[in-house]
Structure formats: structure tokens, C-alpha cells
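Here the structure is laid out as C-alpha cells; the discussion comes afterwards.
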Amino acid sequence: MDKTVNPLENHLEHYDNVQQARQARHVTWIGLAANLILFVTKFTLGYLGASQAVIADAFHSLSDITTDIAILFGIKFWSSPPDECHPYGHKRIETIVTVIIGIALFIIALGIGYNALILMRKTHLKPPTKIAAFAALLSIILKEVVFHWTSAVGTRIKSSALLANAWHHRSDAISSIPVLIAVTIAIFNPNLAFIDLIGALIVSLFILKVSWDIMRPAVSELSDGGASAHDREKIKSIVLEVDRVKETHAIRTRKLGAGLYVDLHVLVDGEMTVQQGHRVAHEVKNNLLAKGPDILDVVVHIEPYTEYSMKYPGSIT
């Protein structure tokens, strides 16, 4: 029998989207508050403690604030249900926000690195004080906590933007480690005050790496990148498990957020009735939705096996 649309299932799906959006907003507001506190604290203590590395790290926290705001703005749109103009939903907005996060990180990294290189040309550098080291230590502890919380929520609701923001938090925590080391060395040996600037430069390089890791999969999705070879093989094996399916080909996929849209051709006995072929197509679709790698929807095209073998002799074994 054909699978009919169940209004209750649609209602529950919308309810899940609303709940996921609420969780995403909650954890993002907490991250925003933490970033605001850290930016003010690190900038103030970095300035008072004469540490360029800590000030650079403060601007890393400032970039976290901008991405938190982008996510809070974007959640309202990407959690909206499909409509006439957006039949596939609004998940691309989440991907765009993810790219914005990566670009923000990239710009911040270039600014930090440029400032560190300019200051290295100075012959007399004022060594940082102990108060600057405290700011870096506070950043490591607080941002690691926020990372784990945000990552857990992002994984649970399968949000690429939230996971990107989680790694943005962790990049802030990890980048504070070389800052803490550099500041500590410069405090105990004022002749090595330039190490503070090296710490700032390391921070910029690390942020560049994180920005690339965030943007690469998002840009691939925006350019209609598909599933990995492993996932395509998994899709094929699931299709071939269906009784009366003789072969499958022309498997095409494209990512949308954390999920996949799939269309493919399924080869069946050419003597099948239209109704029988239709049932096979539904079984293929249902199996893929149940067992596939985060598949959102499937379009199945039925072909007669005999026609295929005549058109491509030797391709079927």
C-alpha cells in the first residue's frame, strides 16, 4: 500500500523543530554571555597587564560574540517549516551562517597576525604582568565548559552551525594555551617579552586553521556537494536489499544541513505492473529513510531491467 501523509507525524516533526530551535537558542545565549564576560575581562586585563597576546585573544572572544548573534538571528529562519517558495525547507540558511562564522574567524585571525608582526618591529617591548596570565587561564576553563555544552546540543539536534560555533568556543580555549605559556615566560623573564607577540601570532595561525575547517564542508554544501563515497555505497547496499530490486544506478545526492536528499534509478523486472513497481519504489524509499545516512527524502525512478541490460551490454553481472 502507498504510504499516506499522517497529519500527526507532520505535527510531531514541527514540534521537534521547535524544540531543537529552543535548545539551540538557550545554549547560544549562554555562550554569548560567557563571550561578553571574557571579552571585557581579557581586554581589560590584557591592557592593564601589557599583553598583546591576551588582547588578541580578547578579540577572538569578540568574534565569538558576532557568531553567537548570527546564530540567534539565523535560528528563527532555518527552523521554519517548508513553504511554497522553499519546498525543501530553509536549512541552507544554517549553512550560510556557518560560512559567516568561518569568514569572521578568518578576518579576526588576519588582524591578530598583522598586529603581532607590526609590534615585533619595536625594539623596546614592555613585558606583561601576572594579571594578564589570569585572563588567559580564565578563558581556557570557561570556554572549554561552553564548548562541551554547545557541542552536546549541536550533536543532539544535528546542527552544523551550532557545531561550528562549538568549535569556535574550543578554538578560543585552545588558543589561550599558547597565550598563557607566552605570557608566563615573558613575566618571569622580561628579556623575552617578544614571546608574548609570538603567542599572539600562534593564536592567529590557529584561528586560520579553524576557519578553514569550518568553511570547507559548508562551502561544499552550498555548491551542491553530495555524500561521501562510503555513504553512497551504503545507499546502494540498502537499495539492493529490497526484494525484486535487480540493480540500481544514477545515484545522486546533495547535502542540506546535516541531512541528504537522494534520487536514484531502480531496475526491476520489466513485466511488473505499474502498481507493483510503485510498491517497490515505496519500499526502497522507506528502507533508505529508516537505515540510510541521515537521509531527508528520496526520489525513486523505476526502470525495466531488460531495457537497461540491452542499452548497456555487459554492465550487469
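Helices of the chain meeting both criteria, an alpha-carbon length of 15 angstrom or more along the long axis and an average Kyte-Doolittle score not below 1.0, with helices taken as full DSSP H segments, are 91-119, 130-157, 160-188, 194-222. Overall, segment 7-222 carries a charge dipole of about 700 debye about its Cα centre when +1 sits on the Cβ of Lys and Arg and -1 on the Cβ of Asp and Glu, all other atoms neutral.
If you look at the Cα atoms of segment 162-317, you get an Rg and a Dmax of 26.0, 87 Å. Note on segment 229-311: Rg/Rh from Cα positions, Kirkwood definition for Rh, rounded to two decimals, is 0.97.
Measure out, as a whole number of angstrom, how far apart the alpha-carbon centroids of segment 41-76 and segment 194-250 sit. Rounded to whole Å, the Cα centres lie 28 Å apart. Put simply, the C-alpha atoms of segment 24-114 give a gyration tensor, and the ellipsoid matching it has half-axes of 33, 15, 5 Å, longest first.
Just the Cα atoms of segment 133-192, one point each, no solvent: what log10 I(q)/I(0) does Debye give at q = 0.20, 0.21, 0.25, 0.27 Å⁻¹? With no solvent term, the Cα-only Debye profile gives -0.69, -0.73, -0.88, -0.95.
Here is how the number arises for the chain: DSSP H runs of 4 or more residues each give -39500 (n - 2.57), the sum is divided by the residue count, and the result at 222 nm is -24500 deg cm²/dmol.
The mean sequence distance of close C-alpha pairs (under 8 Å, at least 6 residues apart), as a share of the length of segment 7-222, puts its relative contact order at 29 percent. Report, in listed order, any pair from LYS126/LYS209; LYS76/LYS209; LYS158/LYS234; LYS209/LYS291 with a Cα-Cα distance greater than 25 Å. Going by Cα-Cα distance, LYS126/LYS209; LYS76/LYS209; LYS209/LYS291 fall outside the 25 Å limit.
Charge dipole of segment 229-311 (Cα centre as origin; +1 on each Lys and Arg Cβ, -1 on each Asp and Glu Cβ, all else neutral): 260 debye, rounded to the nearest 20.
Bear in mind that the values in this text are calculations on the coordinates, not laboratory data. Keep in mind that this is a model prediction, so the values were computed, not measured. Heads up, the Cβs are rebuilt from the backbone with ideal geometry, glycines too, and the neighbour counts pull from every protein chain shown.
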